[in-house]
Amino acid sequence: ENIGKMAATMRNVDEIRDRVILCEFDVKNVHTTDYPGNYPGYDDTWSLQKFKKNFRIDLVQMDETSLEFDMVGIDAAIANAFRRILLAEVPTMAVEKVFIYNNTSIIQDEILAHRLGLIPIKADPRLFEYRNAGDEEGTEIDTIQLQLKIKCTRNLRATKDSADPRELYLNHMVYSKDMKWVPIGNQADVFADIDIGPVHGDILLAQLRPGQELDIVMHCVKGIGQDHAKFSPVATASYRLLPEITLMETVEGEKAERLKRCFSPGVIEVENHGGKVVAKVVNSRLDTCSREVLRHEDLKNAVKLARVRDHFIFSVESTGILAPDVLVTEAIKVLMTKCRRFLSELDSTEME
């Protein structure tokens, strides 16, 4: 009897340690509790060997701009550090200074400058240095120069009774593709095989009418998202915990169909067992954890909703400046640099 009780207690403790439980009105076991000495009978001292054995990264899906991967066997604090570094501390190039020589459009100078700043610039930030604080003039190692020079005119070939601006005017829509790269110093040779400019050419910047023109020179510098959101290399970087759905009893018939509808498509399927329709969990990963099932009185005790505490599903969506897998490796490098700085600070304070 005692052995049975102990086994049940251990199971309960394992659940507290490894699973976040979703209840009807609250979420249980939210906090990390596996600190050394917190649970009798568990050795929670941190060891590199144990971490190496348990930690893994699984690539799920990747294309030019987005990446989904699983990070398993790591603490939420570290996973969150990666997320925050991706958002705010991986550097990129963006328009910082806008020299407006002429702007007769109806968009005010500062609004236009702000719009230009937010356009992702296709240039590898690893090939550039940060600009020094007091430098007004940029150099070839820290600045990219872009020019936007465009004038709207009437289209003399337009039909007489046309009312369509696309036919009546030329250059009346100013797009990001009109921003042309002007090499500084030796940049034309260094970046000969790289096409520097906006990532997307179809971003609308302004609309003009005949006689209106823009004459602008822009300086792009290297920066991080902490300083301004325009430097953030990602559109989104987020993670969620892997859902885990367990059926506590057999669910049949109409209830099974209803249970299936409570979850995202593909999570629960119904199978035919000897004439009976029975519900079965197929892929709990697809669930959004809406907890819809807990609204049904006759179903809420039939399922147990949980999330695996140390299994993070990351999704990283790049703005297109760098590939998403490069962004993740850069984020890891940033974290490593921080750790090194911290250790050297500790050494230097010990010396004092």
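The values are calculated or read from the model by the stated rules, or taken from the named source; none is laboratory data. Since the structure is predicted, the reported quantities are computational estimates derived from the model, not experimental observations. Reconstructed Cβ throughout: ideal geometry from the backbone, glycine too, with neighbour counts over all protein chains shown. Note: accessible area is taken over every heavy atom of the protein model, side chains too, but ligands, DNA and RNA are not part of it. Shrake-Rupley method; radii C 1.70, N 1.55, O 1.52, S 1.80 Å.
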> For segment 1-19, which residues satisfy the criterion of being open to solvent by less than 90 Å² (accessible area, probe 1.4 Å) and closer than 30 Å to THR288 by Cβ?
Replying inline: ASN12, VAL13, ASP14, GLU15, ILE16, ARG17, ASP18, ARG19
>> Checking the conditions here, which among LEU22, LEU67, LEU48 is under 30 Å from the mean Cα position of the chain (by Cα) and either open to solvent by 80 Å² or more (accessible area, probe 1.4 Å) or hydroxyl-bearing (Ser, Thr, Tyr) (or both)?
In response: LEU48
> If you scan segment 172-193, which residues turn out to be among the charged types (D, E, K, R) and surrounded by 15 or more Cβ atoms within 10 Å (Cβ to Cβ)?
Replying inline: ASP178
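Collect the residues in segment 104-133 that are part of a strand (DSSP E or B) and within 14 Å of MET218 (Cα to Cα), keeping them in residue-number order.
Result: ILE121, single match.
So is ILE196 farther than 20 Å from ILE100 by Cβ, of a type outside the set (D, E, K, R), modelled with pLDDT of 90 or more and open to solvent by 70 Å² or more (accessible area, probe 1.4 Å) or not?
So ILE196 does not fit the description; no.
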>> Looking only at segment 231-248, how many residues end up being β-branched (Val, Ile, Thr) and more than 17 Å from the chain's Cα centre (by Cα)?
In response: 2
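Restricting segment 140-164 to residues that are surrounded by 11 or more Cβ atoms within 10 Å (Cβ to Cβ) and without any contact (Cβ under 8 Å) to a residue 40 or more places away in the chain, which is farthest from GLY185 (Cα to Cα)? Write out each step before concluding.
If we filter segment 140-164 for residues that are surrounded by 11 or more Cβ atoms within 10 Å (Cβ to Cβ), which is where we start, we get 140-155, 158, 162.
This time we only want the ones that are without any contact (Cβ under 8 Å) to a residue 40 or more places away in the chain, so: 141, 155, 158, 162.
Working: ILE141: 9, ASN155: 38, ALA158: 43, SER162: 47 Å.
My answer is SER162.
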>> Going through VAL199, VAL174 one at a time, which residue ends up being on the phi < 0 side of the Ramachandran plot and touching a Leu at 6+ places or on another chain (Cβ under 8 Å)?
In response: VAL174
> Conditions: (1) open to solvent by less than 80 Å² (accessible area, probe 1.4 Å); (2) farther than 27 Å from ALA237 by Cβ; (3) not aromatic (Phe, Trp, Tyr). ASN80 meets all but one. Number of the miss?
Replying inline: (2)
> Out of the residues in segment 299-322 that are touching a Leu at 6+ places or on another chain (Cβ under 8 Å) and part of a loop (DSSP other than H, G, I, E, B), which is most open to solvent (accessible area, probe 1.4 Å)?
Replying inline: LYS300
> Looking only at segment 121-139, which residues are among the basic types (Lys, Arg) and surrounded by 14 or more Cβ atoms within 10 Å (Cβ to Cβ)?
Replying inline: LYS122, ARG131
